[in-house]
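One structure below.
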Amino acid sequence: MIRPVPSRRHAIAEDLRHQISSGHFKPGERLPSETQLATRYTVSTSTLRSALALLQGEGLVEKIHGHGNFVRRPLCRITYVGGAAAPTPWVTFSVPLQMTARTTNIEAPSHLTTLLNVPPRSPLTEVLFTTHGGKTPHGLAHIYVPHDLAPATPPVPDQIAVSLADRRTPSAEVRERVSARLPTQEEATVLRISSSLAVLSLIRVATDATGRVVEAALLVLPGDRADALFTTRVAEERSPKA
């Protein structure tokens, strides 16, 4: 039986894959430039980039724009903990990660007016969370709160979620929607993932007893290292005593 000859991009990807698994290229190490690799394999730059895209899709290589291609360090798992019992939308980590946050006052753009059920240009407080291990980003979260419910003074990054929970009206209902999709170009660049790698997109909206939206959160987690966990506790029905 005649086996098909692998294409050049697959052959290049396999050779680089072997060099990574054998330790020739170590985690965190920068690969030779795309021009150097194209010359080494006697192929065009487009063919070489196509081979690298295969490795990026597998999570073996990450491209940092302006710096080159690097062997990705071992991935850690991220677990999103959902459900109404969770006071704030965030994630838990299997290994310690760093978190940064930036708070901005904005006027609600059109795509948020429907989500938060507010008039156009309503004042909102936006908190952008990013998590990363070393130089590797692991997730993005945009949290939006009506401006009158946000803290007057922005807290430090690791206390922002707690502060928002303390200041806002208690939630009576939490709706969460989880879907898988391809990242936007901006998300792929920030998360340093291939544009062909699916991400988990989570939208969480909390409302109070009057139906007012008190918080909306948009989370994006790389699909190669993220899980979503939802726990439902069912009350046991007991028979009345005789």
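What are the pairs with Cβ atoms under 6 angstrom where one residue, in region 17-46, is over 18 Å from Leu60 (Cβ atoms) and the other, located anywhere, is small (Gly, Ala, Ser)? Sequence gap at least six, or different chains.
Thr45/Ala38
Just need a number here: residues in region 113-132 that are at pLDDT below 90 and surrounded by fewer than 17 Cβ atoms within 10 Å (Cβ to Cβ).
Total meeting the criteria: 2.
Being in a loop (DSSP other than H, G, I, E, B), under 24 Å from the mean Cα position of the chain (by Cα) and modelled with pLDDT under 90 is the requirement here; does Asp158 meet it?
Spelling it out, it is not the case that Asp158 is in a loop (DSSP other than H, G, I, E, B), under 24 Å from the mean Cα position of the chain (by Cα) and modelled with pLDDT under 90.
The values are calculated or read from the model by the stated rules, or taken from the named source; none is laboratory data. Predicted model, so just to flag it, every value in this text is computed and none were measured. Every residue, glycine as well, gets a Cβ built from its backbone with ideal geometry; the counts of neighbours run over all protein chains shown.
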